[in-house]
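See structure below.
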Amino acid sequence: MTSALGKDLLALEPLSSEQIRLILDTAEPFKEISERSIKKVPTLRGSTIVNLFFEASTRTRISFEFAEKRLSADTVNVASSGSSVSKGETLVDTARNLEAMRIDMVVIRHGASGAAQFLAERIESNVINAGDGTHEHPTQGLLDLLTLRDHFHRLDGLKVCICGDVLHSRVARSNIWGLKKMGAEVAVCGPRSLLPNAIDELGVTVFSRIEDAIQWADALNVLRLQLERMQGGYIPSLREYNRVFGVTSERLARAPKDVLILHPGPMNRGVEIDSDVADGPHSVILNQVTNGVAIRMAVLYLLSGGRPELAEAAKGGGGR
């Protein structure tokens, strides 16, 4: 059965605004499941989902695992270390062996941009991209959109600035595509060394000073400095980065209005964001984590052929 999203969820760039809205709307009834005493519905009972993570991840992998188990799917976690991948087996060999075990979906995180699409073109199972290289991280983009919509009750016309290490960030790309499709105004702010050369072609405003970005924005999505992807020379020092581009309570206090603060995590506290901001009254970072499970439940449900109008009914069945 072809879902309303197609066979796979690989990126937000090819999705229409209607498809993005469908995922956000489908996530709403699934939020309630996490608040119940029995956090489970039988919607995907009998389905087998493999979480194939070639990069270290805690937050995203656990969020997907929670989503899968709350929909009663059987889950298998495969990490590249300790698997046949580390012995030289190719991505396709791994996937085909898994598919021979009659799996239904694969959630993949990989260090190479395009790996999710490469896999999706070669296996019949549904593929969900949990982050590929510096390309996209679609479910993170979707949960950020849901968090913004929860707070502002709209996305159209919203001013959102993505701050920090845009160059290495797949989250930034998913946010830019998703926000623009939903009618938001998008800006980026960071050192020129951490912005892609072709950033202007994405139709975003570019701020070179964090103070200007704060004055303009309704919300800041503060990105982690991805030090593990940097080969040196991108910034003078962490202290200098915080001094020039850090999101601090002093800077936010000078804004003309309250600015909502998002962060995809994990955070470098005291570098791109200060602790009193991350834990402050305008931070929705923990809401993002909660919304992540609901978004991933919605994506799993829709890709499995679930009909959006039945999502409300699907949450009703309590499975044990």
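Is it the case, given these coordinates, that Arg254 is over 27 Å from Thr60 (Cα atoms) and either at pLDDT 95 or above or of a type in the set (D, E, K, R) (or both)? Against the criterion (over 27 Å from Thr60 (Cα atoms) and either at pLDDT 95 or above or of a type in the set (D, E, K, R) (or both)), Arg254 qualifies. Just one of (1) closer than 20 Å to Leu286 by Cα; (2) more than 16 Å from the chain's Cα centre (by Cα); (3) not aromatic (Phe, Trp, Tyr) fails for Thr43. It is (1). The residue of the stretch 106-149 that is farthest from Asn221 (Cα to Cα), among those that are β-branched (Val, Ile, Thr) and not in a helix (DSSP H, G or I), is Ile123.
Results for (1) more than 30 Å from Glu240 (Cβ to Cβ); (2) outside the structural domain of Phe30 (by TED's automatic domain parsing), shown as yes or no for each residue.
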position	(1), (2)
Thr94	yes, no
Asp104	yes, no
Gly111	no, no
Ser125	yes, no
Ile128	yes, no
Asp156	yes, yes
Cys163	no, yes
Arg170	no, yes
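Here Phe207 clears all of (1) in contact with a Pro (Cβ under 9 Å, 6 or more places away or on another chain); (2) farther than 18 Å from Asp144 by Cβ except the condition numbered (1). Would the stretch 64-72 turn up any residue that is hydroxyl-bearing (Ser, Thr, Tyr), surrounded by fewer than 21 Cβ atoms within 10 Å (Cβ to Cβ), in contact with a helix residue (DSSP H, G or I) (Cβ under 6 Å, 6 or more places away or on another chain) and not assigned by TED's automatic domain parsing to the domain that holds Gly178? Scanning the stretch 64-72 turns up no residue that is hydroxyl-bearing (Ser, Thr, Tyr), surrounded by fewer than 21 Cβ atoms within 10 Å (Cβ to Cβ), in contact with a helix residue (DSSP H, G or I) (Cβ under 6 Å, 6 or more places away or on another chain) and not assigned by TED's automatic domain parsing to the domain that holds Gly178.
Look at (1) closer than 26 Å to Leu179 by Cα; (2) at pLDDT below 95 and you find that Leu12 fails only one, number (2). For the criterion of being of a type in the set (Phe, Trp, Tyr), at pLDDT 95 or above and touching a helix residue (DSSP H, G or I) at 6+ places or on another chain (Cβ under 9 Å), Phe53 fails. Among the residues of the stretch 174-210, just one is in contact with a strand residue (DSSP E or B) (Cβ under 7 Å, 6 or more places away or on another chain) and touching a residue at least 60 places away in the same chain (Cβ under 8 Å), namely Ser174. Residues Ser37, Ser17: which one is free of Cβ contacts under 8 Å to residues at least 40 places away in the same chain and either of a type in the set (A, V, I, L, M) or farther than 20 Å from Thr94 by Cβ (or both)? From the options Ser37, Ser17, the qualifying one is Ser37. Taking the stretch 20-45 as the range and being over 24 Å from Ser72 (Cα atoms) and either assigned by TED's automatic domain parsing to the domain that holds Met182 or aliphatic (A, V, I, L, M) (or both) as the test, only Ile20 passes. Filtering the stretch 248-271 to residues that are within 25 Å of the chain's Cα centre (by Cα) and in a loop (DSSP other than H, G, I, E, B) leaves Thr248, Asp258, Val259, His263, Pro264, Gly265, Pro266, Met267, Asn268, Gly270, Val271.
The values are calculated or read from the model by the stated rules, or taken from the named source; none is laboratory data. A quick note: this is a predicted structure, and the numbers were derived from the prediction, not measured. Using ideal geometry, Cβ is built from the backbone for each residue, glycine included, and neighbour counts are taken over all protein chains shown.
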